[in-house]
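> One structure coming up, written as structure tokens, with questions to follow.
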Amino acid sequence: TRFMLSGYKKCGPSMYIGLLIANIVIGFIYIAAFYFIVSSVSPDVSISGDTFITLVTNLTLLVLNIIYFKKRKHLFVN
């Protein structure tokens, strides 16, 4: 992804957006797995706020980068 973006390849922005989406999906899988495993052992345990902050940050990055790459679509033509 890094080399595609630095070389202004056409698929660079979509690869980066895909990476951000993968991070979000993995975060949701982590939360679901945590609740599934831990709730069966101890219902009083909760996930730290860092996990939710990471998801919110990734969602924000996703939206901002979609806007950014749409405005600079003319640069990624190689």
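The values are calculated or read from the model by the stated rules, or taken from the named source; none is laboratory data. This structure is a prediction, so every number in the text was calculated from the model and none was measured. Every residue, glycine as well, gets a Cβ built from its backbone with ideal geometry; the counts of neighbours run over all protein chains shown. Accessible surface is based on the protein model in full, side chains and every heavy atom, while ligands, DNA and RNA are left aside. Shrake-Rupley method; radii C 1.70, N 1.55, O 1.52, S 1.80 Å.
> Taking only protein heavy atoms into account and a 1.4 Å probe, give the accessible area per residue of the chain in Å².
74 Å²
> Calculate the FRET efficiency for Tyr35 and His74 from the Cβ-Cβ distance with a Förster distance of 30 Å, rounded to the nearest 0.05.
For R0 = 30 Å, the calculated efficiency reads 0.10.
> Net charge around Phe3, counting only other residues with Cβ within less than 14 Å of its Cβ (Lys, Arg = +1; Asp, Glu = -1)?
Counting the neighbours of Phe3, the net charge comes to +3.
> Measuring from label point to label point, each 7 Å out along Cα→Cβ, what is the Ser6 to Asp44 span in nm?
5.1 nm
> Also: Within the accessible area of region 25-72, what % is carbon and sulfur when the probe is 1.4 Å and the other protein chains stay in place?
Heavy-atom surface of region 25-72 belonging to carbon and sulfur, 1.4 Å probe: 73 percent.
> Calculate one ³J(HN,Hα) per residue across region 3-15 by plugging θ = phi - 60° into the Karplus curve 6.51 cos²θ - 1.76 cosθ + 1.60, and present them in order as whole Hz with x for glycine and proline.
5, 5, 6, 5, x, 6, 6, 4, 8, x, x, 5, 5
> Quick one: grab Rg to one decimal and Dmax as a whole number for the chain, Cα atoms only, in Å.
For the chain, the Cα-based Rg and Dmax read 16.9, 54 Å.
> Report relative contact order for the chain in percent, whole number only (criteria: Cα-Cα under 8 Å, sequence separation at least 6).
Normalised by residue count, the contact order of the chain is 50 percent.
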